[in-house]
There are 4 protein chains.
Amino acid sequence: MANDLLKGKKGIIFGALNDKSIAWKVAERAYEEGAEIVLSNTAGALRMGEINALGEKINAPIIAADATNVEELDLAIDKTMEHFGGGFDFVLHSIGMSPNVRKKIPYDDLNYVFFNKTLDISAISFHKILRVCKQKDAINEWGSALALSYIAAQRTFFGYDDMADAKALLESIARSFGYIYGKDKKVRVNTISQSPTMTTAGSGVSGLDLLFDFAERMSPLGNADALDCADYCIMLFSDLARKVTMQNLYHDGGFASIGISEEAMDKYKS
Amino acid sequence: MANDLLKGKKGIIFGALNDKSIAWKVAERAYEEGAEIVLSNTAGALRMGEINALGEKINAPIIAADATNVEELDLAIDKTMEHFGGGFDFVLHSIGMSPNVRKKIPYDDLNYVFFNKTLDISAISFHKILRVCKQKDAINEWGSALALSYIAAQRTFFGYDDMADAKALLESIARSFGYIYGKDKKVRVNTISQSPTMTTAGSGVSGLDLLFDFAERMSPLGNADALDCADYCIMLFSDLARKVTMQNLYHDGGFASIGISEEAMDKYKS
Amino acid sequence: MANDLLKGKKGIIFGALNDKSIAWKVAERAYEEGAEIVLSNTAGALRMGEINALGEKINAPIIAADATNVEELDLAIDKTMEHFGGGFDFVLHSIGMSPNVRKKIPYDDLNYVFFNKTLDISAISFHKILRVCKQKDAINEWGSALALSYIAAQRTFFGYDDMADAKALLESIARSFGYIYGKDKKVRVNTISQSPTMTTAGSGVSGLDLLFDFAERMSPLGNADALDCADYCIMLFSDLARKVTMQNLYHDGGFASIGISEEAMDKYKS
Amino acid sequence: MANDLLKGKKGIIFGALNDKSIAWKVAERAYEEGAEIVLSNTAGALRMGEINALGEKINAPIIAADATNVEELDLAIDKTMEHFGGGFDFVLHSIGMSPNVRKKIPYDDLNYVFFNKTLDISAISFHKILRVCKQKDAINEWGSALALSYIAAQRTFFGYDDMADAKALLESIARSFGYIYGKDKKVRVNTISQSPTMTTAGSGVSGLDLLFDFAERMSPLGNADALDCADYCIMLFSDLARKVTMQNLYHDGGFASIGISEEAMDKYKS
């Protein structure tokens, strides 16, 4: 169902790991819609090697960069601009990780060094990307930057722990930077608050299966999957959404606006 | 910039009055994107005659209906389905009017008969349209219903008075009906919270010029205009947003997420 | 635990029916805290007779008034001011009823005459009370008006149907009127969004037991009961909250900020 | 207007600097209402010496602690419990500082070491306090922990920069920890989103005078001052609010619910 929606546009996508990744699907769909793509992930992620297949398929160079490291980002954006012969039009930030969650450290006993890492990897990295882009004037006017978030930024989901705080910080950074990038360069900055998704990162959250089932029954349209999310990203990269900025957009089959559905209650009471 | 985004889709658009109307722009853009359209407005609005030009241009029949009247809606949806030879895929509700605001009756001295009219015309009519559509199974699976709202539903703007209450009710109806239409028929229901827009309806609000200027300076991307709004509606009608429902989506250049911008403060302090 | 928090203050309380009513508890607690009270309810509710016992206990006159009827409110406020020898300091609106919910009419098949009644009884009556009070300058400066709401105004709870829309309208009216009453007379207007509560009105909602259990497990502090709610109302009537206005205040043991609790999930998965 | 609201209660207050501080007013009001108090601030702040006068006045020991340092907090909470002979009932966190804002480093050019400090001092310190308290079981059942926030957590105010992100993180921590502390120990955790206030900390924000004037005209009840805020804190420490948790409570004269007031527009247009 390609419509050339991103024809002539260029973008960089951070965080594709394998074909379960939302970022992977976004890259594929953006390519289908006519965009040129650069892929970036950490050196460690690249060593896993799966992303090479994606790079070949969509004719995208792969640039190693640790998005928490300004110097590496600096180089990566330089290389990206060199590849494109100038600026680009969209950015996807699909990066998140909590060492505390991984190691199952309870929230009321957080390791603060890990907490800083969680915030740096999952939220501050978005500031760093935007900052490096803005300093290099890398994103064209009316460009679009997106980061992936989760409703835990607004409501507490047990077990999501310090990732919830990271998502709240991420969404705040999107607003704070969105104001500045918007007025200075007409670049919009938004976050998508996505349904729980069966990605490799997501599967690290204990109890994801149950959460997935609960969200599925709560949401009148069911959970949005990675491909649905990719479609929504395409839309938000396109010119059709050029006046939308500083928003957190729920993409979740209705979950965010449900108190309790009959379907979830039927399961609950049984 | 047509992309066949709505190719093969059909929809009904309520509320186009003249070429300043958002609904008019939506109809034009939907047609450009490949959709077949039916237009509807009140008999009174149709007598003004401007809509005929639009109907001819986009090859759309025009069906008179008072959207507060279930019987008239019943007939209108029947005619629409007859025209299309079956169901359709999207609905736009761009209907709003407050006799209290028009007659400049202060909010603390509301005429309650008028208040009921404000609510009926501006909010309950959306329920009536959805209800008639659902009873006739008129909207195809994964169809999209949209209504236009304003941020006065969340925050008080002096002079907007009982229209604010109507918008709050409209957004609630979108959620309440969205849950049911979603789970039963996979139809999504959303509202767009649009920048102040220089339409014929908008110009009835006293002080719109000032509000427009304030919003323009507050919003990092400036106000979204009627054509921008039409683009966003197209996106939300398309399959790219098929898992978005029960949402109120700010389309306002960033206004909703601004406390105070430097640009507005510069004017304020001068 | 009386603290003379409302010593010297006077108030009118709408909607006490029997000793399960939140309004009943508010009246008792306000009296304990030193306030003088007037009670009001419909003639029909008064005929049930239980409120007489409350009136005697707290030395409060009982004034019949249909809060949807401006003329009756006019008389009731006159009588109240006569009783107090002037203005008063607080108002509680604890009024809500949906004929559609009572008669189990599905939301997508609403009776619109009933819908208007739902809105009039549950939401517009608050506007009418405030309007009559303001016209008579009945509420003293820095007075406090409160209405009871429910989180269905923000998120859909199946079965709550058009009461959800009424609560959304009620909260909007509180904002709209709060702006005007605040700037003109320093009167604050707020709503409390209360946990599901086992009142006579609440018990009309089908499935309340299940909802109550779900909310209890979701809320880290458990559901707030009628007496808890009365305490919070006292606080909001007192001078300690005199700069709080146009707010909807969740009083629900934490429910509003929970996505999913471990306790609810344990029950859900079992 | 003391009412013995906190009679028999004990609490620790972080962040009182001088008699302009909100924390100072809270300490005074809590004492008036019958509470026993311990004061804490950094060694640097204590060296300024003004807090000694407060300590004497309200008979409160002063304990030096850097709230970003878990070891120092550990000692401070031990000393506090020793002083009280056991647990206590309330905690106030009134701590915030951004080196980036102080040094007027633009948000799109943040110093990331400073950013980490901003987050650590203004947000993560609240986690550290709660964590140390919970590990020592220092807060009694139905106790109340409060932190002071600002609406910049939700909407961008130019010049507030990374403090906005810190406040968003702070509010998220209140929710995340509030869930756990609530279910385990019935301790509630909330934030108050306070009007711009003329404190020593506030005066570091450039353009505070203008912001103060804008907020004053936007808010129907005018800005809430430090003493108003102290009253609201008292209320939230008291048992009257014992079922309120995981909330961010606007205490701002109505500002948060205003889109544009007539009073602000009159100044804007002049």
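Give the residue, chosen from C:Leu92, C:Leu17, C:Leu5, C:Leu39, that is out of contact with any strand residue (DSSP E or B) (no Cβ under 6 Å at 6 or more places or on another chain) and modelled with pLDDT of 95 or more. The match here is C:Leu5.
Scanning region C:243-256 for residues that are open to solvent by less than 10 Å² (accessible area, probe 1.4 Å) and of a type outside the set (A, V, I, L, M) yields a total of 5. Within region A:3-43, restricting attention to residues that are out of contact with any Ser or Thr (no Cβ under 9 Å at 6 or more places or on another chain) and of a type in the set (Lys, Arg), the residue that is surrounded by the fewest Cβ atoms within 10 Å (Cβ to Cβ) is A:Lys7. Taken as a whole, the structure places A:Thr191 among residues that are open to solvent by less than 10 Å² (accessible area, probe 1.4 Å), within 14 Å of chain B (Cβ to nearest Cβ) and within 27 Å of D:Ser125 (Cβ to Cβ). Given the structure, is C:Ile180 open to solvent by 10 Å² or more (accessible area, probe 1.4 Å), within 7 Å of another protein chain (Cβ to nearest Cβ) and not aromatic (Phe, Trp, Tyr)? When the stated conditions are applied, C:Ile180 passes them.
Just so you know, in region A:144-177 the residues that are touching a residue at least 60 places away in the same chain (Cβ under 8 Å) and in contact with a Lys or Arg (Cβ under 6 Å, 6 or more places away or on another chain) include one that is nearest to the other protein chains (Cβ to nearest Cβ), and it is A:Ala153.
Given the criteria surrounded by fewer than 24 Cβ atoms within 10 Å (Cβ to Cβ), at the interface with another protein chain (Cβ under 7 Å from one of its Cβ atoms) and hydrophobic (A, V, I, L, M, F, W, C), does A:Leu210 qualify?
yes
Of the residues making up region A:59-77, just one is in a loop (DSSP other than H, G, I, E, B), free of Cβ contacts under 8 Å to residues at least 60 places away in the same chain, in contact with a helix residue (DSSP H, G or I) (Cβ under 6 Å, 6 or more places away or on another chain) and open to solvent by less than 30 Å² (accessible area, probe 1.4 Å), namely A:Ala65. Could you go through region C:44-58 and let me know if any residue there is open to solvent by less than 50 Å² (accessible area, probe 1.4 Å) and not in a helix (DSSP H, G or I). Yes - at least one qualifying residue is present in region C:44-58. Looking at C:Leu221, C:Leu170, just one residue is open to solvent by less than 10 Å² (accessible area, probe 1.4 Å) and either modelled with pLDDT under 95 or part of a loop (DSSP other than H, G, I, E, B) (or both), and that residue is C:Leu221. One residue stands out in region C:227-242 among those that are open to solvent by less than 20 Å² (accessible area, probe 1.4 Å) and either within 7 Å of chain D (Cβ to nearest Cβ) or without any contact (Cβ under 8 Å) to a residue 24 or more places away in the chain (or both): the one that is nearest to C:Asp184 (Cα to Cα), namely C:Ala241. For the residues C:Ala27, C:Ala16, the requirement of being under 16 Å from the mean Cα position of the chain (by Cα), small (Gly, Ala, Ser) and part of a loop (DSSP other than H, G, I, E, B) singles out C:Ala16.
Of all residues in region D:126-139, those that are under 20 Å from the mean Cα position of the chain (by Cα) and either farther than 22 Å from D:Leu169 by Cα or β-branched (Val, Ile, Thr) (or both) total 4.
The values are calculated or read from the model by the stated rules, or taken from the named source; none is laboratory data. Note that this is a predicted model, so its numbers are computed, not measured. Every residue, glycine among them, receives a Cβ derived from its backbone with ideal geometry; neighbour counts consider all protein chains shown. For the accessible areas, the whole protein counts, side chains as well, though only heavy atoms, and no ligand, DNA or RNA atoms are used. Shrake-Rupley method; radii C 1.70, N 1.55, O 1.52, S 1.80 Å.
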